[in-house]
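All remarks here apply to the structure that follows.
The values are calculated or read from the model by the stated rules, or taken from the named source; none is laboratory data. What you are looking at is a predicted structure, and each value in this text was computed from that prediction instead of being measured. For neighbour counting, all protein chains shown are included, and Cβ atoms are generated from backbone atoms with ideal geometry for every residue, glycine included. Calculation scope for accessible area: heavy atoms of the full protein, side chains included, ligands and nucleic acids excluded. Shrake-Rupley method; radii C 1.70, N 1.55, O 1.52, S 1.80 Å.
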Amino acid sequence: MNYKPTLADLRALSAIVTHRSFRKAADELGLSPSTLSHMMRSLEANMGVRLLNRTTRSVAATEAGERLVARLTPLFKDFDLALEEVNEFRGHPSGTLRINTSEIAARVLLDAAIPTFLTRYPDMSLDLVTDNRLVDVVADGFDAGIRLREAVPLDMIAVEFGGDTRFVAVASPAYLAAHPAPQTPDELKTHACIRFRLPSGKLFRWEFEKHGHELAVDVPGALTLDHVELMAQAAAKGLGIAYVSDRTARPFLESGALVTVLDDWCPAIPGLCLYYPGHRHVPQGLRAFITVLTEVERHSR
């Protein structure tokens, strides 16, 4: 076969197989779905083999498509790495830095680190994806992730910032006027608790510790939410007790809309970390962001 697919065609195929969607792949590549579909039909026709199975609702790779993309994936990584290494000769970073994080961590970064980074490195773009689920940053194409220290995979390099944090149980003064405050975590079982549903669908167990004694409680409650700020707002409305980070609770505590309960069962824990794989080349843009992050952390102390 004399036909040689273009790099753009092969990257498009890889994106479609990864997302299992023409629309999502088109968004990533900056193309229209119709253009992408035409590219794939031309690719299949020129190669003489079907690479994708299409229906009106979905798209999936054929066996030939899966094999081709499986061989291409490490080649694309090496290709991107080669470009990144050449880019370092520019003397200043450029390109896009993709970081997976949580909304709370994103708010911390927006205070100082992100404005400083974008001002200092005008050729850099920052793609910040706020996601409450734990992802594989390598498999999902991120340069780095940000999570609480205890959630960082052991094989990753971690850069701590923002100091220690706490998860606190909070309720409104009106709620506590009608319901005596719990003195132990077990007493939460007699209260209206505002529960948190994880992205996996499971309900989060409230975790407490006192003098080395750890306790996890499956709390009861008529209201379940999947957004921590909504939980704090619901607690401020008197709907029950919520369990959120001290950063989320702080403005409500300062205004008096919420007060803490079970304080002696809520110790400080290691806070946020930026993490990235140590077994591969660290992009110049990521190294620059880490430098800014550590500078901001040092000045905030």
| query | Which peptide among 193-203, 177-187, 239-249 comes first, and what is the full order, when sorted by highest mean count of other Cβ atoms within 10 Å? | reply | 239-249, 193-203, 177-187
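Which FRET efficiency value, to the nearest 0.05, do you get for ASP155 and LYS77 by plugging their Cβ-Cβ distance into 1/(1 + (r/R0)^6) with R0 = 25 Å?
On the way: r = 17 Å, r/R0 = 0.70.
Between ASP155 and LYS77 the formula returns 0.90.
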| remark: So, relative contact order of the chain in percent, Cα under 8 Å, 6 or more apart, is 20 percent
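Based on DSSP, what percent of beta bridges with both residues in the chain are antiparallel, to the nearest 5? Before the final figure, lay out the partial values.
Details: 27 of 40 bridges.
Around 70 percent of the beta bridges assigned by DSSP in the chain are antiparallel ones.
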| said: Suppose all protein chains stay in the model; what accessible area per residue would a 1.4 Å probe give for the range 148-202, in Å²? | reply: 56 Å²
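I'd like the projected area of the range 228-285, averaged over all directions, using the convex hull of its alpha carbons. Report it in nm² with one decimal. List each step's numbers first, then the result.
Working: hull surface 25.8 nm².
Its average projected convex-hull area is 6.5 nm².
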| field | Convex hull per residue volume in Å³, alpha carbons only, for the range 121-173 | value | 169 Å³
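According to the Kirkwood expression over distinct Cα-Cα pairs, how big is the hydrodynamic radius of the range 109-208, in Å?
Numbers: mean 1/r = 0.0566 Å⁻¹.
With all distinct Cα pairs of the range 109-208 included, I get 17.7 Å.
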| Under 30 Å from LYS237, Cα to Cα: lysines that are on another chain or at least 8 residues apart | LYS189, LYS202, LYS210
| field | Of ALA234, TYR276, CYS266, farthest towards positive along the dipole that unit charges on Lys, Arg, Asp, Glu beta carbons give the range 187-285 | value | TYR276
| the chain: calculated mean residue ellipticity at 222 nm from DSSP helix runs of at least 4, using -39500 (n - 2.57) | -12500 deg cm²/dmol
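Using the beta-carbon distance between GLU295 and ARG54 and R0 = 41 Å, what value does 1/(1 + (r/R0)^6) give for FRET efficiency, to the nearest 0.05? Intermediate values should be presented prior to the final figure.
Details: r = 50 Å, r/R0 = 1.22.
It comes out at approximately 0.25.
Could you sort 51-64, 108-121, 223-236 so that the peptide with the highest average Cβ count within 10 Å comes first and the rest follow in order?
Per-residue mean Cβ counts within 10 Å order the peptides as 223-236, 108-121, 51-64.
For a test of the definition: using alpha carbon positions, the gyration tensor, and the 1.5 limit on a/c, classify the range 50-186 as rounded, prolate or oblate. Show your work: numbers first, answer last.
On the way: a/c = 2.76, a/b = 1.55, b/c = 1.78.
Oblate, since a/c reaches 1.5 and b/c is not below a/b.
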| request: Provide the net charge surrounding LEU262, with neighbours chosen by a C-beta distance below 10 Å and charges set as Lys +1, Arg +1, Asp -1, Glu -1. | output: -2
| Between the helical axis of 246-255 and the dominant principal axis of the chain, each derived from Cα atoms, what acute angle in degrees is found, rounded to the nearest 10? | 50 degrees
| remark: 1/(1 + (r/R0)^6) with r = Cβ-Cβ of LEU118 and SER200, R0 = 25 Å, i.e. FRET efficiency to nearest 0.05, evaluates to 0.15
| request: Working from Cα positions, state the angle (0 to 90°, nearest 10) between the long axis of helix 63-87 and the longest principal axis of the chain. | output: 80 degrees
| Mind checking which lysines have their C-alpha under 25 Å from LYS4, skipping anything on the same chain fewer than 8 residues away? | LYS77
| query | Quick one: what Rg and Dmax do you get for the chain from the alpha carbons, in Å? | reply | 24.1, 80
| task | Take the Cα coordinates of the range 178-265, assign each an equal point scatterer, and use the Debye formula without solvent to give log10 I(q)/I(0) at q = 0.10, 0.14, 0.15 Å⁻¹. | result | -0.23, -0.47, -0.54
